[in-house]
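**Q** Sharing a structure here in structure tokens format.
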Amino acid sequence: MKRPPHVSGPPDPSSIDTSERPFVLIWEVTQACNLACTHCRANAQPNRHPDELTTEEGKRLLDQAREFGPGQLVVLSGGDPLTRPDLVELVEYGTDLGLRMTLTPSGTSSLTPETISDLKDAGIRRLALSIDGANPESHDAFRGEPGTFEQTVEAAKAARDVGLPLQINTTVSAQTVDELPELRALVSELGAVLWSVFFLVPVGRGRILDPITPERAEAVMQWLSDVSDDAPFGVKTTEAPFYRRVSAQQRRDASDAPKADAIGRRNGILAGDGFAFVSHVGELYPSGFLPKSAGTVRDGGLVDGYRNSDLFQSLRDRDELRGKCGACEFRHVCGGSRSRAYATAGDPLASDPLCPYVPNGYEGPMPNERASGD
Ligand code: SF4
């Protein structure tokens, strides 16, 4: 049944106090997936985990998400969310609560135009698809399965045909970085509204890929900042908040870098600070790439864990950052990837080793690429 048009719009981002609610709540509805992507954070498995949140537990989680306030953005991710037979039911339930439900399915043969149409009717607001290589050879090699490039492009066209806004997610690694200009053209051709460029964090199967160097990352950020100036779609980075430092430097002197305002708002979000992740078994993490638990949502602990846990509170205090991120004049607009700090140094408050910037006057230790023994 086609659902009535949703009336509530997104909350004004400038009105959101990220110590009270996340901009983005990700729920990893399952780790099951038929692909075997080389970068997979979730170490996705062919079968669903026996302790995965049930349909009823999932609905209780969405009830909790509603407590953050109207229009809360919820991203259903995986694994492949389409491996859950109750997916449409969960989307409808969240939509009826007034949540803004979005989805990141895998590019498989399950993602048919009919499925996309059903999900739109259930209330999905945006479809996010991953394209990591600019052609079938490189994308399919990255995804570990032939045919996924073509299936993903067809799904993108199907989303456009039913008027569903499209987001393209791209993982940047040493293996794919040279294809970014071609990918930019493809994102435009597919009519996406947003290009989310993810900089590899060495967790899960992502450990076997080579990250790009800090110097190359800086050049990519400068290029992305230029792309964002004239592209017909928005550009955002994931796990590379120093994109905001690069943009600020390109537009003004560092001395004019924007500061946090009275309620601590910044230009972007970080793990635990505007961003939260619920695992397939209900653990609350600051991010899927920062698997440090602040408790379980099975006992109703989502909102309290986000607002009051020591872990989330420390991640929101930029003055607790260590090393060069702690000394950096851009820490309130950037703050560094807390996930990469955790993955490489074992400390979520350490410096982000992907950023080559050295703050004025800083003479302390520089971050290592990998923690010892990694
Ligand atoms: S040093 Fe840290 S806070 Fe400063 S720009 Fe780099 S990542 Fe951001």
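The values are calculated or read from the model by the stated rules, or taken from the named source; none is laboratory data. Just so it is clear, the structure is predicted and the values come from calculations on it, not from any experiment. Note that we place each Cβ from the backbone using ideal geometry, even for glycine, and neighbour counts take in every protein chain shown. Quick note on the areas: whole protein, heavy atoms, side chains included, nothing else; ligands and nucleic acids left out. Shrake-Rupley method; radii C 1.70, N 1.55, O 1.52, S 1.80 Å.
**Q** Return yes when Gly364 is modelled with pLDDT under 95 and within 21 Å of Arg245 (Cα to Cα) and no when it is not.
**A** Values: modelled with pLDDT under 95: yes; within 21 Å of Arg245 (Cα to Cα): yes.
So Gly364 fits the description; yes.
**Q** Considering each of Pro286, Pro356, Pro348, Pro365 in turn, give the residue that is within 14 Å of the ligand (Cβ to nearest atom), in contact (Cβ under 8 Å) with a residue 24 or more places away in the chain and under 19 Å from the mean Cα position of the chain (by Cα).
**A** Numbers: Pro286 fails: within 14 Å of the ligand (Cβ to nearest atom); Pro356 fails: under 19 Å from the mean Cα position of the chain (by Cα); Pro365 fails: under 19 Å from the mean Cα position of the chain (by Cα).
The conditions single out Pro348.
**Q** Output the residues belonging to the stretch 131-154 that are open to solvent by less than 60 Å² (accessible area, probe 1.4 Å) and of a type in the set (A, V, I, L, M, F, W, C).
**A** Ile131, Ala134, Phe142, Phe149, Val153
**Q** Pairs under 6 Å by beta carbon, first residue among the aliphatic types (A, V, I, L, M) in the stretch 212-234, partner in a helix (DSSP H, G or I) and surrounded by 15 or more Cβ atoms within 10 Å (Cβ to Cβ), six or more apart or different chains?
**A** Close Cβ pairs (under 6 Å, with a partner that is in a helix (DSSP H, G or I) and surrounded by 15 or more Cβ atoms within 10 Å (Cβ to Cβ)) amount to Ile212/Val177; Met221/Tyr243; Met221/Val246; Val227/Arg184.
**Q** A further question on this structure: For Arg318, which of the numbered conditions (1) within 17 Å of Thr237 (Cα to Cα); (2) near the ligand (Cβ under 9 Å from one of its atoms); (3) open to solvent by less than 10 Å² (accessible area, probe 1.4 Å) fails to hold?
**A** Checking Arg318 against (1) within 17 Å of Thr237 (Cα to Cα); (2) near the ligand (Cβ under 9 Å from one of its atoms); (3) open to solvent by less than 10 Å² (accessible area, probe 1.4 Å), the one that fails is (1).
**Q** Go over the candidates Gln64, Gln167 one by one and state the one that is open to solvent by less than 60 Å² (accessible area, probe 1.4 Å), touching a residue at least 24 places away in the same chain (Cβ under 8 Å) and part of a helix (DSSP H, G or I).
**A** Values: Gln167 fails: part of a helix (DSSP H, G or I).
Step by step, each of Gln64, Gln167 is checked, and only Gln64 is open to solvent by less than 60 Å² (accessible area, probe 1.4 Å), touching a residue at least 24 places away in the same chain (Cβ under 8 Å) and part of a helix (DSSP H, G or I).
**Q** Of everything in the stretch 329-340, what is near the ligand (Cβ under 6 Å from one of its atoms) and either touching a residue at least 40 places away in the same chain (Cβ under 8 Å) or open to solvent by less than 10 Å² (accessible area, probe 1.4 Å) (or both)? Give them in sequence order.
**A** Of all residues in the stretch 329-340, those near the ligand (Cβ under 6 Å from one of its atoms) come to 330-331, 334-336.
Result: Phe330, Cys334, Gly335, Gly336.
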